[in-house]
1. Quick check: anything in the range A:63-78 in contact with a helix residue (DSSP H, G or I) (Cβ under 9 Å, 6 or more places away or on another chain), free of Cβ contacts under 8 Å to residues at least 12 places away in the same chain, more than 30 Å from B:Met1 (Cβ to Cβ) and small (Gly, Ala, Ser)?
2. Kindly state which helices (runs of 4 or more DSSP H) lie completely within the range B:10-82 and contain at least 1 residues that are within 24 Å of A:Ala34 (Cα to Cα) and within 7 Å of chain A (Cβ to nearest Cβ).
3. Out of A:Leu81, A:Leu88, A:Leu76, which single residue is modelled with pLDDT under 95 and either under 16 Å from the mean Cα position of the chain (by Cα) or more than 8 Å from chain B (Cβ to nearest Cβ) (or both)?
Amino acid sequence: MNFGEFFRGPAADHMLGLMGGIIWGTGTVFNLVAANLTGVAVSYAIGQSAPMVAALWGILVWKEFQGADRQAKTLLALMFLFYLLAILLIAKANTVG
Amino acid sequence: MFVPHSFGLALLMILTSAICWGSWANTFKGVKNYRFELFYWDYALGIFLIAVALAFTMGNTSNDASSFLNNIRAADRSNYIYTLAGGAVFKSSPCGRNRPGRSGHRLSGFDRHCHGGRRRFELFVAAERECAVARSRCRMRRHRGGPRWQGLWKPHQSCPASFSQEHHHLPRFRNSDGPLGSIYHSRDDPRKRFGSL
């Protein structure tokens, strides 16, 4: 691979990369700023539910589970349930504010 | 700098971060004919730009010691070192291994816990394929072409790779033919197709 390809890359693809970085950076700054009030343990732990959001993208937008069997769907539902419970419990564990 | 004053607002910001992390997987899906490694340069640039922008907006709401530039001036060398080291460790965590391979798999799924961290580790084609095959049976099927051949590796049907890329991992095996060598030989003549074992 040659880094020169970077400058020949399509503008639209560059924009997508920049956009992805901007979104991620916003999230990270928000997380760390919120940590000033809640503490890093709470903010980072809840931030770790990002895979749940990714699963939502996969299911709702990219249709990656189309045609999945009942067992897979049950497991998915359980995953969402446990993620939400985890967020709830960690939020409840917060004692400040 | 801006600091949330209620837990509700803080929680909202934290949930926003959970939504934002993993944005590379979704944005990369829109990318055509552009390598992931190069995409990631754009991604890093985006992170830098938004960090600077937020430093001078959110980080600069008051003109006291906590405002961005005052805070930078007040920091001593150990602060910088810890910050740089933290960034280096964070960005080189090993979940980058799940990054999309060059043969075009795009996972939007479940490696999102490594929010953003698709690091510099280069995986060679052979290793990528190994991972891909191990991870999912349907991907393996796609890789291997026709249903008649599902159980066997048909190198000339999958994406082309140079000899060295295809074989760099072989020295790990005691016998370069490997236990599966005899099976391959019955299907692919190695002298005709360099890709086969």
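1. yes
2. B:23-28, B:36-55
3. A:Leu88
The values are calculated or read from the model by the stated rules, or taken from the named source; none is laboratory data. Quantities reported herein were computed from a predicted structural model and do not represent experimental measurements. Cβ sites come from the backbone with ideal geometry, for glycine too, and all protein chains shown count toward neighbours.
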